[in-house]
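A short write-up of the structure that comes next.
The values are calculated or read from the model by the stated rules, or taken from the named source; none is laboratory data. Everything numeric in this text was worked out from a predicted model, so none of it was measured. Using ideal geometry, Cβ is built from the backbone for each residue, glycine included, and neighbour counts are taken over all protein chains shown. Please note that ligands, DNA and RNA were not included when accessible areas were found on the heavy atoms of the full protein model with its side chains. Shrake-Rupley method; radii C 1.70, N 1.55, O 1.52, S 1.80 Å.
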Amino acid sequence: MITKIIQEEKIQKAKKYVEKGENFVIVTHVSPDGDALGSSLGLYHFLMAYGKDCVTVIVPNEFPSFYKWMPGSKDIVNYEKYPDFAEQLIRDADVIFCLDFNEPKRIEKLAPAVVASSGRKIMIDHHLNPADFCRVTMSYPEMSSTSEMVFRFICRMGMFDLMDKNTAECIYTGMMTDTGSFTYNSNKPEIYTIIGELIKKGIDKDKIYRQVNQVYSESRLRMMGYVLYEKMKIYPEYNAALITLSEKELNRFHYVTGDTEGFVNLPLSVEGVSFSVFIREDSDYVKISLRSVGDFPCNQFASAYFNGGGHKNASGGEFYGTLSDAVAAFEKGLEEFNPNKIEELNKNE
């Protein structure tokens, strides 16, 4: 038995759309991660099991190769490769699920088509401050992941029996990856109740971990070694660490989408480091990833300096400028936020 988090009125309204809908599109955010893909593919398999024949997952751009084992991944439509086809699917959809993002700008070039579509839009998400562009908004930041939200949504519609092994594998993958393999934002007992139910559906959670975390290219592993030896800077006075990679360095190691996923977590293994930031230079902007342990608010730091946000211990942002300017912004933020002072204040409360 799990708590009824989602409001009943929203469940019933969304259920009606599911029952009456014929053409379904599921969209998720740019640079899809494990939760974006897990929640989207989990919902995709559920809808197919429910008897909906026309269901498509659309992503704004490419996703990491270590998620391509996931059932249904080969049927995902990549907007960058097939923009006209993707936009036609969105125009034809009578129901559009918006998963793991809280505002249209998070799907970038897909946004105009989604916003303009007459299809009934349903948001399922766990990020703060959802924008008002969907008919049904199920947004609960206290949840571990959007994949957990999808599980709860299916159960609350009374359709748990339609959840097959494919659905369960995808949902588990999303929950696992968005909690750092259950190392943060994962202390609520109901998470493990849900995991137990997913295992009953036949998933091999150990195999899923290996497929996501232990199947890397040689170039990714060499880049990881370079990052740890050459590019990790520790700020002991702030209990913080920084990793940077320029576009030139990425090219040196034949970077492909997903190769740097998880790098931001590496410095948190250093004794005394409670806040870690990874700054990566892309062709048109600088990408920021932030992680913390304990009470340091990554999301506030991301919002203040990098036009970003997210969760307390896991956030992201963007910087439009040079890599060196982004580093300067980070260092300025350290002086103003000072993780040590925040930790001391929390201890004294």
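The figures follow:
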| quantity | calculated |
| --- | --- |
| Dipole of the chain [Lys/Arg +1, Asp/Glu -1 at C-beta], most positive-end residue of LEU89, THR177, PHE337 | LEU89 |
| Cα point-scatterer Debye curve for the chain, base-10 log of I(q)/I(0) at q = 0.08, 0.09, 0.10 Å⁻¹ | -0.38, -0.49, -0.60 |
| Accessible carbon and sulfur surface of region 1-89 relative to its total accessible area, %, 1.4 Å | 47 |
| ARG91 paired with GLU335, simple spin-label distance in nm, labels 7 Å along Cα-to-beta-carbon | 5.4 |
| Selected from SER40, PHE151, GLN214, residue furthest toward positive end of dipole (the chain; charges at beta carbon) | PHE151 |
| Residues of type aspartates and glutamates that LYS207 reaches as a straight line, Cα spacing below 12 Å, ignoring anything fewer than 8 places off in the same chain | GLU169 |
| Value of [θ]222 nm, deg cm²/dmol, for the chain, DSSP H segments ≥ 4, -39500 (n - 2.57) each, nearest 500 | -12000 deg cm²/dmol |
| Inter-label distance, nm, simple model (7 Å from Cα along the C-beta direction), TYR209/GLU22 | 4.7 |
| SER269/ILE2 FRET efficiency (R0 41 Å; Cβ-Cβ; nearest 0.05) | 0.80 |
| Rounded, prolate or oblate (a/c below 1.5 giving rounded, otherwise prolate when a/b exceeds b/c) for region 30-138 by Cα gyration tensor | rounded |
| Relative contact order (%) - the chain, alpha-carbon pairs under 8 angstrom, separation at least six | 13 |
| Ordering of 31-40, 214-223, 254-263, 117-126 by burial proxy (mean other Cβ atoms within 10 Å per residue, highest first) | 31-40, 117-126, 254-263, 214-223 |
| Of all accessible heavy-atom area on region 246-318, the percent that carbon and sulfur account for (1.4 Å) | 44 |
| Label-point separation in nm, GLU197 to GLU247, each point 7 Å along Cα→Cβ | 4.6 |
| Per residue, in Å², the accessible surface of region 1-142 once ligands and nucleic acids are set aside, probe 1.4 Å | 43 |
| Dipole magnitude of the chain about its Cα centre (Cβ charges: Lys, Arg +1; Asp, Glu -1), debye to nearest 20 | 760 |
